[in-house]
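Here the structure is laid out as structure tokens; the discussion comes afterwards.
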Amino acid sequence: MKKTLPLFAAAVMLLAGCASATATGAPGQPEKLELRYQGSANAVTLPELAEDLGYFGPVKLKWVGNTISGPQDIQSAATDQTDFGGAFTGAVVKLVEAGAPVKAVVNYYGSDDRSFIGFYTKEDSPVRTARDLIGKKVGVNTAGANLEAALDTWLKGQGLSGDEIKQVQLVVIPPVNAEQALRNGQLDVAALQGILQDHALAAGGIRPLFTDVAAFGPYNGGPYVLRTDFIKKYPETAKIFVSAVARAIEWERTTPRDEVIARFTKIIEARGRNESTDTLKYWKSVGITRGGLISDQDYTRWEPWLKQEGYLKHDRIDTSKLYTNEFNPYRDGAPAVTK
């Protein structure tokens with residue numbers, strides 16, 4: 001599996017050098033009233049939910065299109081094409097190691113016993129063990145992110161050598177096409193998660209080879225990042241953004257499932273992007289810990305994989321450079337209003 005280190009450090013450093021001085025404004029008032037972002041087709045992101053719930057106050061979201069992957073989403077934020085982006089924690093480490101001036105501020109997805117990543121094969125497939133994957137094709141949404149990290153870590157844990165793992169062929173495929181590619185025989189295994197996973201399971205004819213939550217236990221998968229110059233220039237806006245997302249997480253965690261799905265349906269139908277709401281019925285959980293709080297373990301869990309793939313400049317991850325919980329209203333354990 002070919003690994004490619006991001007090559008945009010110079011661009012993001014140039015942008016950082018051109019950043020203006022810290023903005024000033026009335027205490028508690030947002031300095032920036034519009035946040036550019038990328039969405040996800042047929043789905044409602046946490047910021048979109050937070051805006052609909054009124055948690056952003058005067059701050060509005062500006063949709064600029066849909067992301068194709070987490071690494072692409074945070075690269076867009078790093079290069080000032082958007083104001084925030086979200087990706088796998090390992091992808092954030094790679095971006096920071098490449099010199100991008102970004103910092104993680106709140107987790108937005110993860111795996112638990114209801115929402116997880118599964119690697120599926122057809123029921124009649126001869127693939128039964130990790131060793132059976134040597135020379136086979138595995139479909140993932142993008143290289144160098146959560147799905148590849150989970151796969152490689154599991155394969156290593158099952159006793160495969162580095163050379164054997166390299167013989168497992170990664171095929172990058174849009175998530176919406178992965179199920180059909182598996183059923184058509186274009187893939188031997190497909191990584192599926194969220195509503196696409198549940199849709200595929202409901203259709204039958206597939207079985208899990210392994211799931212990330214069974215292999216590693218529940219974990220936070222990835223955060224939203226802001227540029228460091230954004231945090232410096234717009235601290236009140238950064239606080240509003242993180243607080244709104246954290247409150248939206250708790251709203252999803254504490255609201256009856258039928259109400260969550262109804263809210264998602266309303267949001268999608270109202271925004272007029274020619275999307276389908278059919279798969280929303282498969283939604284189960286937000287999948288992350290309280291308020292999206294970030295911990296060192298979210299990053300160190302993947303340290304062996306990152307080191308093995310050559311993504312680290314040093315032997316250890318310096319988590320102090322990667323994230324902050326300073327804007328999260330749940331950081332001190334106190335309850336925060338969600339309704």
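The values are calculated or read from the model by the stated rules, or taken from the named source; none is laboratory data. Nothing here was measured: the structure is a model prediction, and the numbers come from that model. Positions of Cβ are generated from backbone atoms using ideal geometry, with glycine treated the same way; all protein chains shown enter the neighbour counts. Surface areas here come from the heavy atoms of the whole protein model, side chains and all, with no ligands, DNA or RNA. Shrake-Rupley method; radii C 1.70, N 1.55, O 1.52, S 1.80 Å.
Summary of values
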item	result
Cβ-Cβ under 6 Å pairs, at least 6 apart or on other chains, the stretch 133-147 side without any contact (Cβ under 8 Å) to a residue 60 or more places away in the chain, far side among the charged types (D, E, K, R) and open to solvent by 10 Å² or more (accessible area, probe 1.4 Å)	134/164; 136/188; 137/188
Qualifying position, being closer than 15 Å to residue 222 by Cβ, of a type in the set (Lys, Arg) and out of contact with any Gly (no Cβ under 9 Å at 6 or more places or on another chain), among 94, 103, 62	103
Helices (runs of 4 or more DSSP H) contained in the stretch 223-339 and holding at least 2 residues open to solvent by less than 40 Å² (accessible area, probe 1.4 Å) and touching a His at 6+ places or on another chain (Cβ under 7 Å)	none
The stretch 177-210: number of residues that are part of a strand (DSSP E or B), within 18 Å of residue 132 (Cα to Cα) and open to solvent by 20 Å² or more (accessible area, probe 1.4 Å)	3
